[in-house]
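Remarks on the structure that follows.
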Amino acid sequence: MSAKDHFIIIGNGPAGNNAAEVLRENDKKARISIISTESFSFYYRHRLKDFISGRIPAEDLVVKHYSEYKDKNIRLRLGQFVEKIDPEKKILYLKHMEKINYTKLIIATGGSPRILPSLTIFQDYLTMFSTYSDTVGLRHRIEKAKEIVVLGGDLTSFSFVKSLVKACKKVSFLLFNDAFWPISLTSEMILKIEENLKSHNVATFFNDSVEMIKKSKSKYTIETKQNNKIKSDIIISLMGMIPNIRFILGSSIDTDRGVLVDAYLRTNFKDIYAAGDCAQIYNPILKNYWVSIGWMNAEEQGKIAALNLLGDSKIIEPPKEEIFEYEGIKVNTSWWKKF
Amino acid sequence: MSNTDIVLEICGSAGEGTISSGEIFNRYISSIDFEIMSFDTYPSEIRGFGKCVAHSRFSTQKIFTPGKYTDILIALNDAHSISQLGHLKDTGVVIYDSKPPKYHEEDKSIVGWMEPGMISYGIPFNDLAQKAAGNSRGRNMVALGAVCALFGVDHEEFKNTIIQRYAKKKQIVIDNNVNSFVEGYNWANDNLTKIDSISFKKGKNKNEKESIIINGNQAVAKAAIDSELHLYAGYPITPATKIMEILSHELPKKNGIMLQTEDEISAIGNVLGAGFAGKRSMTATSGPGFALMTEFMGLSVMAQIPAVIVNSQRGGPSTGLPTKTEQSDFNAAVNGGTGDLPRFVIAPASVEECYDGTTLAFYLAEKYQTLVVILLDFFLSNSIRNIDEPTPPTEKMLNSNIAPNEKELKDYVRFKETKTGVSPRSIPGTPNGMYTTTGLENNERGKPQYDGKLHTKMSDMRYRKLNSALNDVPKPKWTGPKKDIDVGILSWGSSAGAAYEAATIANKNGHRVAVLSSLVVFPVNEVDLTKFCNESKQILIPELNYSGQYANFIASYINRPVERLNMVSGLPMASEDVLSKIDEMIAS
Amino acid sequence: MDNFKINYIDEMLDDVEKKDFLKYRTGELPTWCPGCGYFGITQSIVQSCNELNLKNEDICVASGIGCAGRFPVFMDVYGFHTLHGRSVPVASGMKLAREELTVFAIAGDGDIMGIGGGHLPHIARKNIDITLFLFDNSIYGLTKGQSSSTTPFEQTTNSHPFGNPDQPLKPVSLALSYGATFVARAFAGNVDQMTAIFKKGITHKGFSFIHILTPCVTFDKVNYTWKNLKANVEEIYDEFDHTNHTEAMRIAEKSRLYTGIFYHRYDVPSYQDYLKQK
């Protein structure tokens, strides 16, 4: 490899960081840049809920400090949005109006909050979060709020609710079991969840759905199908994640729900790879694409994408079915096909 | 109320309204009672690039330095602003144009160079200005609007400041600027999520006195006018040129004259000519010009003719670093010239002192019939502050020439020996007061004469003037503890600001640090100096020159070792620099 | 012979006392060599002041360094013996400070054609209302006989024992091309003409340049000697048009040393008059 190489990784999460590490270990000369929309250091996303509810300081979120990038001569471009890719000319167009040339590219942009189609008309009233910058303002609002409604459609919502309770908030929880992400909840699970939440003094609304949301002054009122009226200072919608690939659409990189890659994590362009939550990976055995979530998966894929980019040909193994305990419920998260 | 202390920089290309937006910002910030210390860099001083920077520090506390690190950087021009990131704080904020007319090439965008942890807000300066006024001239105002939205500034009040600033312009100009500002304010309010924690709504408690916004050069010019300056003669040279430009506007209003001469020799020659004729006159220059004036400096002293020279120091020697600040002309100011050459040297430490030092200079020059050098520097010349309306010179200061009385005029002896060393001086037009003065050693009647006894007597008289003036000048300023001083800082000129700030912090940290600085650096007030040094365990002399010119000078008076802090980075001294030296000295 | 001389001085003294121009002289005895042309020039300046009725206290004289530099010491006015070459800027400062004063700049050829040569074009184009008396003896006298800027080519001097390698400057041509509004040449040996020229120069509103040819009897035995000068000078003819710059330049370039007023322009305001108009 020559010093003229410029490897760019879009995304500063577990996939992106592991890719960068592997690239630097194997190539001391190439320019390596990480571009991320986030302005905050590489952090543990699953700790955000504790940060929002004010239980941990921002420092506790950090995985890797800025100085570590400098030491490894990796250029970290934070708070920078890639708006457009030109895979033919190998140019990235950034939102702040800069053109950047790359020789090889890894897309590791992760996911962004999903919003249910039925709730889109109330979008302005809903608060969602998936990134650190989303949470900074939210943390402040939650501090002031007394009553909070959580629209729960994913696994994070359970632990988030508990975090709020611990912060002495009055919490109501609406379960969206039909649209739950990324797994389908069995009725047995639902019962256990309800039991669990009630024991934490959470007002639960199961088998119900949102009919109307009204706002007067700074207070919201949710009217449900079952004619419940729930008052709230903030409505937080947690409906899981969708791959963050909007900026790729319209380039000629193949996408479906995520960026389509082969088992080597290669896209339809020779020098472009994708890894982590944003990738939709072809499984030759299943003869179909699959998406993985979870930190470990992303790390592994980041490494493999980097090795393949450097000339290796490592196949991503479909992970074995793994079952882990989640609030007393057994959940299978690492292997699924359905959104 | 918690303290606010913020550094804001606006960086752009010439013609983008960088300096004027900085000026408006300063006016507003001053009107809400912040202390400000600001510093502009103009394109003429940065060859070939057209880069402008308006640097502004404002605080609820008394401040003495412009601040080393920036909190907020407004990038009107990306390419120019990139280098300003070097002193943006780790968590600093950048406000930039998110929709320039075309894409920046790789690494030509400010956002691309931001360090992790820094925060950026993109605002479509261009689009919004176009929308507001149909052209992009109001980009700077859009940026100011965004600043108001982001940092909680009262935008209605700010708007009034803009209107006042352009009050003399056509209505369309006012409208375009105001509309651009409002557009930026509204857009930022609607579209930006604040993620930094900076805000500045109100400064300290209201000051009773009227305050003015002024830089060192303007303060000198204002003081000169207030001191009834009649003739300014000068040759353009950075960083003193502005004094000449201001006076070229102001002097004609007072029937005075600004004379642009062919060189600095002619400038100081004209100054002496006017001084001889009984009018107040001055010149302002920098190192190279000051060097040319040396021969006339000797003449001023020998012929006993008042002369005021402002030397705004820049990096030296020779042509040196014309746009960088330095304090390396101390030797030249105090010792420059040949022979035994007593003169006054005034070194203002702040914009306020630029005014006071200048009025003092005219007073001393006229009263003591000799040379007064005012040492400014690039930084002080251009540093903008809001200061209380200065106190104009008194009648006594305005008419300080000691003229011969009628009895003396009966048989007028121009250089008659006196106790103070000052002989009454008649000015042209006075009947029977005729005399000839000369650069040759001369007797009491001005006749050239070379005998040793006379030379000894006349030399003594010339030096005696300085000693008798010591009671006529302000005493050195002693700040901080008066006894048991861990580190006593002997400071001079503009780096005294950094010394004050560093001492304040050190004293808060439980140390005992005091500062002695004097507006008049020559002649030396030995009484105060000795007292200060006797109370100080260690002595520190910070200054912006390589060889420690002041330290070397003062050593001969205090006869003990001194610690030195010498910097020639071209930047003003920062309190951080002095503080780390203090810590080092206390630790050892 | 001796009697004749004494009688001559007595007559002169009577004349001097009658005309009252001794009041412009101090008691100091000039340090110039006997026979020096400067005595005559001094005489003419003093006489001009007297004839123009100037008050002593209203006259300021700035001089440079050299034999001419000593001039103010001998005149009872406000005098300033300045630096080598710098009488012009000092005189300029005097005038700009106090317009009501009559200001003279006294300079030798070393002063204004040599070290201070840079001031001449600018005082001329600024048209500051002073009168510059250039005492040109074409040699450095005070330092004992070195070449000056007006020493002829190939002349042997103490600094050029093998002949002066430099071409001499032409003061009148220079002043004309710099745009001086009053340019004249006088001869130290012709007191009456000098006085007439000086009076015109002093009363001219603007910068007046007067080139005065004078011998250095001690150090120049070949060029500007009394004998050579007398033989070479010629008064400009009466019909000469003083407002014709081209003509002035033409006769200034001649090897014949014309004396009188070369050029006199009235339509350029003096520096201070210009400022008043604005």
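Count of the stretch B:82-107 residues, restricted to those that are within 8 Å of chain A (Cβ to nearest Cβ) and either more than 17 Å from A:GLU98 (Cα to Cα) or of a type in the set (Lys, Arg) (or both), is 2.
Scanning the stretch B:372-393 for residues that are in contact with a helix residue (DSSP H, G or I) (Cβ under 8 Å, 6 or more places away or on another chain) and either within 24 Å of B:LEU544 (Cβ to Cβ) or in a helix (DSSP H, G or I) (or both) yields a total of 14. The residue that is farthest from the other protein chains (Cβ to nearest Cβ), among those in the stretch A:95-113 that are surrounded by fewer than 21 Cβ atoms within 10 Å (Cβ to Cβ) and not in a strand (DSSP E or B), is A:THR103. Among the residues of the stretch B:122-157, those that are part of a loop (DSSP other than H, G, I, E, B) and surrounded by fewer than 19 Cβ atoms within 10 Å (Cβ to Cβ) comprise B:GLY134, B:ASN135, B:GLY152, B:ASP154.
Consider B:GLY548 carefully, then state whether it is surrounded by 15 or more Cβ atoms within 10 Å (Cβ to Cβ) and at pLDDT below 95. Taking the combined requirement at face value, the residue does not satisfy it.
Only a single item in (1) under 29 Å from the mean Cα position of the chain (by Cα); (2) part of a helix (DSSP H, G or I); (3) surrounded by fewer than 23 Cβ atoms within 10 Å (Cβ to Cβ); (4) of a type in the set (A, V, I, L, M, F, W, C) is not met by B:MET461, and it is number (1).
C:PHE133 meets all of the listed conditions (1) out of contact with any Leu (no Cβ under 9 Å at 6 or more places or on another chain); (2) within 23 Å of C:TYR271 (Cβ to Cβ); (3) surrounded by 23 or more Cβ atoms within 10 Å (Cβ to Cβ); (4) facing chain B (nearest Cβ under 10 Å) but one, namely (4). Listed by first and then second residue, the pairs with beta-carbon distance under 7 Å, at least 6 apart or on different chains, first residue in the stretch B:92-107 and of a type in the set (Gly, Ala, Ser), second not in a loop (DSSP other than H, G, I, E, B), are B:GLY92/B:THR70; B:GLY92/B:ASP71; B:GLY92/B:ILE72; B:GLY92/B:LEU73; B:SER98/B:GLY122; B:SER98/B:ILE123. Would you confirm whether any residue within the stretch C:108-123 is at the interface with chain B (Cβ under 9 Å from one of its Cβ atoms), surrounded by fewer than 23 Cβ atoms within 10 Å (Cβ to Cβ) and under 16 Å from C:VAL183 (Cα atoms)? Looking through the stretch C:108-123, at least one residue is at the interface with chain B (Cβ under 9 Å from one of its Cβ atoms), surrounded by fewer than 23 Cβ atoms within 10 Å (Cβ to Cβ) and under 16 Å from C:VAL183 (Cα atoms).
Can you say whether B:SER56 is among the hydroxyl-bearing types (Ser, Thr, Tyr), at pLDDT below 90 and not assigned by TED's automatic domain parsing to the domain that holds B:ALA503, as far as the supplied structure shows? So that I can check it myself, show each step before the final result.
On the way: among the hydroxyl-bearing types (Ser, Thr, Tyr): yes; at pLDDT below 90: no; not assigned by TED's automatic domain parsing to the domain that holds B:ALA503: yes.
No, not satisfied.
Among the residues making up the stretch C:69-101, those that are within 19 Å of C:PHE135 (Cα to Cα) and more than 7 Å from chain B (Cβ to nearest Cβ) are C:GLY69, C:ARG70, C:PHE71, C:PHE74, C:MET75, C:HIS84, C:GLY85, C:SER87, C:VAL88. For the stretch B:281-300, indicate whether the set of residues that are on the phi > 0 side of the Ramachandran plot and either within 11 Å of chain C (Cβ to nearest Cβ) or at pLDDT 95 or above (or both) is non-empty. Looking for residues that are on the phi > 0 side of the Ramachandran plot and either within 11 Å of chain C (Cβ to nearest Cβ) or at pLDDT 95 or above (or both), one finds none in the stretch B:281-300, hence no.
Total residues in the stretch A:75-92 satisfying the condition of being at pLDDT 95 or above and within 11 Å of chain B (Cβ to nearest Cβ): the figure is 2. Taking the criterion of being out of contact with any His (no Cβ under 9 Å at 6 or more places or on another chain) and surrounded by 22 or more Cβ atoms within 10 Å (Cβ to Cβ), the residues of the stretch B:180-202 that qualify are B:SER180, B:GLU183, B:GLY184, B:ALA188. So, A:ILE253, is that one of a type in the set (A, V, I, L, M), closer than 27 Å to A:PHE122 by Cα and touching a Ser or Thr at 6+ places or on another chain (Cβ under 7 Å) or not? No.
Within the stretch C:61-86, which residues are of a type in the set (A, V, I, L, M), in contact with a strand residue (DSSP E or B) (Cβ under 9 Å, 6 or more places away or on another chain) and not in a helix (DSSP H, G or I)?
Residues satisfying the conditions are C:VAL61, C:ALA62, C:ILE65, C:MET75, C:VAL77.
Just so you know, in the stretch A:30-54 the residues that are touching a residue at least 60 places away in the same chain (Cβ under 8 Å) and charged (D, E, K, R) include one that is surrounded by the most Cβ atoms within 10 Å (Cβ to Cβ), and it is A:LYS49.
Here is a yes/no grid of residues against (1) more than 22 Å from C:MET249 (Cβ to Cβ); (2) of a type in the set (Gly, Ala, Ser); (3) in contact with a strand residue (DSSP E or B) (Cβ under 9 Å, 6 or more places away or on another chain):
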residue: C:GLU99; (1), (2), (3): yes, no, no
residue: C:GLY116; (1), (2), (3): yes, yes, yes
residue: C:LEU120; (1), (2), (3): no, no, yes
residue: C:LYS126; (1), (2), (3): no, no, yes
residue: C:LEU134; (1), (2), (3): no, no, yes
residue: C:TYR140; (1), (2), (3): yes, no, yes
residue: C:THR150; (1), (2), (3): no, no, yes
residue: C:PHE153; (1), (2), (3): no, no, no
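Out of all the residues in the stretch B:57-75, is one or more among the charged types (D, E, K, R) and within 9 Å of chain A (Cβ to nearest Cβ)? Walk me through how you get there before you give the answer.
The first filter runs over the stretch B:57-75 and keeps only residues among the charged types (D, E, K, R), leaving B:57, B:62, B:68, B:71.
Subsequent filtering for residues that are within 9 Å of chain A (Cβ to nearest Cβ) retains none.
For the stretch B:57-75, residues among the charged types (D, E, K, R) and within 9 Å of chain A (Cβ to nearest Cβ): absent.
Residues that are assigned to a helix (DSSP H, G or I), in contact (Cβ under 8 Å) with a residue 24 or more places away in the chain and over 15 Å from C:LEU174 (Cβ atoms) within the stretch C:239-273 comprise C:TYR271, C:GLN272, C:ASP273, listed in sequence order. The condition (being assigned to a helix (DSSP H, G or I), basic (Lys, Arg), away from chain C (no Cβ under 14 Å) and farther than 23 Å from C:GLY85 by Cβ) is satisfied by just one residue among B:LYS396, B:LYS324: B:LYS396.
For (1) in the same structural domain as B:GLU526 (by TED's automatic domain parsing); (2) surrounded by 24 or more Cβ atoms within 10 Å (Cβ to Cβ); (3) in a helix (DSSP H, G or I), each residue gets a yes or a no:
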residue	(1), (2), (3)
B:GLU444	no, no, no
B:LYS457	no, no, yes
B:GLY488	yes, yes, no
B:THR504	yes, no, yes
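A single entry from B:LEU341, B:LEU360, B:LEU364 fulfils the requirement of being over 25 Å from B:ALA574 (Cα atoms), without any contact (Cβ under 8 Å) to a residue 60 or more places away in the chain and among the aliphatic types (A, V, I, L, M): B:LEU341.
Results for (1) in a loop (DSSP other than H, G, I, E, B); (2) within 14 Å of chain B (Cβ to nearest Cβ), shown as yes or no for each residue.
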site: C:ASP15; (1), (2): no, no
site: C:PRO30; (1), (2): yes, yes
site: C:GLY35; (1), (2): yes, no
site: C:ILE41; (1), (2): no, no
site: C:SER44; (1), (2): no, no
site: C:CYS49; (1), (2): no, yes
site: C:GLU57; (1), (2): no, yes
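For the residues A:GLY302, A:GLY294, A:GLY258, the requirement of being in contact (Cβ under 8 Å) with a residue 24 or more places away in the chain, farther than 20 Å from A:ILE183 by Cα and not basic (Lys, Arg) singles out A:GLY302. Between A:SER157, A:SER163, A:SER133, the distinction of being within 14 Å of chain B (Cβ to nearest Cβ) and either at pLDDT 85 or above or touching a Gly at 6+ places or on another chain (Cβ under 9 Å) (or both) belongs to A:SER133 only.
The values are calculated or read from the model by the stated rules, or taken from the named source; none is laboratory data. The structure presented is a predicted model; accordingly, all values stated were derived computationally and were not measured. Note that each Cβ is placed from the backbone with ideal geometry, even for glycine, and that neighbours are counted across all protein chains shown.
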